[in-house]
Every structure is written in structure tokens, then in C-alpha cells.
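The values are calculated or read from the model by the stated rules, or taken from the named source; none is laboratory data. Here the structure is a predicted model, which is why all the values come from computation and not from measurement. Cβ sites come from the backbone with ideal geometry, for glycine too, and all protein chains shown count toward neighbours.
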Amino acid sequence: MLRILIADEQPVVRRGIRDILKEEYPSSEIVEIEDLDTLLQRALRETWDLAISDISIHGCTGFDALDRIHVAAPSLPVLIVSGLPEEQFAVRVLRAGAAGYLSKDLAPEELIRAVRTVLGGRKYITARAAETLLTTVQHGSGRPPHELLSDREFEVFRLLAAGAAITDIAAQLALSATTVSTYRARLLTKMKCSSNADLVRYALQNGIK
């Protein structure tokens, strides 16, 4: 019997995904989870065929959630379904070990296609994400500055560009303010920016949310 975990903070999102999957796989066992700790506990204790998760859920933010799932259940494929921009995050989560990435405004048939692909042992990527990946490979070192940031630096960059204070970012990412300041200094250097205002301007010019 097919066994799937669905992890998302929003009940309506979990239920929507569950209903789509149940229609395609009526005999499957599908469990809804709203926080990372519960997901990790279930993944450790039981055997699952697939986890479908937002990249940020209660108990963890950003790429840390994916890292912790992989530590708890290395063989469990994780399909990320997120509201974050696909062109900015799909390639990053695939590099971080996700089995695929989908936007939350997906069509039901796209979700089923992704699940079939992942259950078949392959990575799932949309045409848009594939184009982004191809562009990255073709341009090599000519990639834009924000694509050269580490995953953590990119998270800090996005939050700074959105106007968040160092202390707020530290609380959200479970880091010290000193560590966040260090990330800020690194990303400013990599992006050749001198201030938060420059980061805001860059984000606006490049459509980064």
C-alpha cells in the first residue's frame, strides 16, 4: 500500500493535496502533518514512500527542514510544494536533495505527474525550472550574483531585501544576531552591494520575493 506524508502549516493546502492524491490512489494511506517535529517522528518510526512538504513549516524555516528530513530518513524522497517563486527556489532545493519542486498554484494533473515521477525513482522538475537550470549550466560563472549565494545567505538576503531587521531574521532562522550579521557581510561582498538599500534595489530589479 502506498504511504504518503503531507506536511504543511495550512490545513486547506494539506487537504487539497490529499484529495487530489486520494482520487488517483484511492487505496493509499495519506497522513497530514502541520509541524516538522511530527514529520520527523513519523519518518523515523515508520516506513513511507513519499513526503510532500512545504520548504518552511512549523518548527523550522528554509532549507533546514529539508536537511533534517534527510537526516531522519535518508531514503525518503521529499517533494517540495511551496508558494515561493519556482524560478528562484526549484534549482536550489533540487541541489539540496529534494526529489522535486512544485508551486502551490499547481494544476492537479501536475501534482500527479510529479508524484508518479518521484515514486518511479526519478527527479521531477517543471519545464520552467528546467529552463532555469539549463541557463545556469550554460552561463557557468556568468550566473547572476544572487545565484552564487549559499542557501542560508540567500535566505538572509531575501529577508533583508524585504525590510526585516537583523534581530527579526535571527529569530526566524533560529540563529544569533551575530551569525546573521556575518551572513549579511558575506552576501554584501558576493553581490558587490554596500547597504541594505542596495539589496532592496537588486531584489526589485531581479524580481526576487
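Things worth noting here:
- Residue that is nearest to D64 (Cα to Cα) [pool: residues in the stretch 159-178 that are out of contact with any strand residue (DSSP E or B) (no Cβ under 9 Å at 6 or more places or on another chain) and not in a helix (DSSP H, G or I)]: L175
- Selected residue (criterion: surrounded by the fewest Cβ atoms within 10 Å (Cβ to Cβ)) from residues of the stretch 83-112 that are under 15 Å from R122 (Cβ atoms) and among the aliphatic types (A, V, I, L, M): I112
- Residues in the stretch 28-52 that are outside any helix (DSSP H, G or I) and either more than 16 Å from Q10 (Cα to Cα) or in contact with a Leu (Cβ under 9 Å, 6 or more places away or on another chain) (or both): 13 in all.
- The stretch 39-82 - residue that is among the charged types (D, E, K, R) and either within 14 Å of the chain's Cα centre (by Cα) or not assigned by TED's automatic domain parsing to the domain that holds A107 (or both) and, of those, surrounded by the fewest Cβ atoms within 10 Å (Cβ to Cβ): D67
For (1) farther than 28 Å from L204 by Cβ; (2) in contact with a strand residue (DSSP E or B) (Cβ under 7 Å, 6 or more places away or on another chain), each residue gets a yes or a no:
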{"site": "R3", "(1), (2)": "yes, yes"}
{"site": "I17", "(1), (2)": "yes, yes"}
{"site": "Q41", "(1), (2)": "yes, no"}
{"site": "I55", "(1), (2)": "no, yes"}
{"site": "A73", "(1), (2)": "yes, no"}
{"site": "V78", "(1), (2)": "yes, yes"}
{"site": "A99", "(1), (2)": "yes, yes"}
